[in-house]
């Protein structure tokens, strides 16, 4: 009886390890495709340094915490840290540079119920903001 219990225990351990490996592989694979880690950059010469300046100019820090901007301590909107790894923008559109530009320029066209105001952000300013938020190397 002791011998059969030993074989049963070994089988359970092996089954557990196999199950853990399958679950781990599945999590690894799904994470690989979930977040845009290196998005295709369609914005050409967008300027991240200028993006930081225009984020301050439009007062984005009144509603958002924005890394690298000491005065951006708002708590109305979400924190904008590690933005490139977010899956969605405002919980409604896929996180791509193009969608983020549209969100910044016309948030209420994407979600009429959003608290984010339309600040009249220009296309160039939005491009530069996105470059900063995505952490484009300077």
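Every number here is computed from the coordinates shown, using simple stated rules; none is lab data. Here the structure is a predicted model, which means the values were calculated and not measured. A quick note on method: Cβ atoms are made from the backbone with ideal geometry, for glycine too, and the neighbour counts reach across all protein chains shown.
Observations, loosely collected:
- Between the alpha-carbon centres of segment 51-73 and segment 5-22 there is a gap of 53 Å.
- Over segment 48-133, relative contact order from alpha-carbon pairs under 8 Å, at least 6 apart, %: 34
- Legend: ranking of residues 119, 15 from fewest to most surrounding C-beta atoms inside 10 Å; resulting order 15, 119.
- Here the residues 89, 69, 14, 104, ranked from fewest to most Cβ neighbours within 10 Å of their Cβ, fall in the order 14, 69, 89, 104.
- Scoring 7-13, 106-112, 54-60 by mean Cβ neighbours within 10 Å over their residues and listing the highest first yields 54-60, 106-112, 7-13.
- Binned Cα-Cα distance frequencies in segment 48-133 - 5 Å width, integer %: 3, 16, 27, 31, 20, 3, 0
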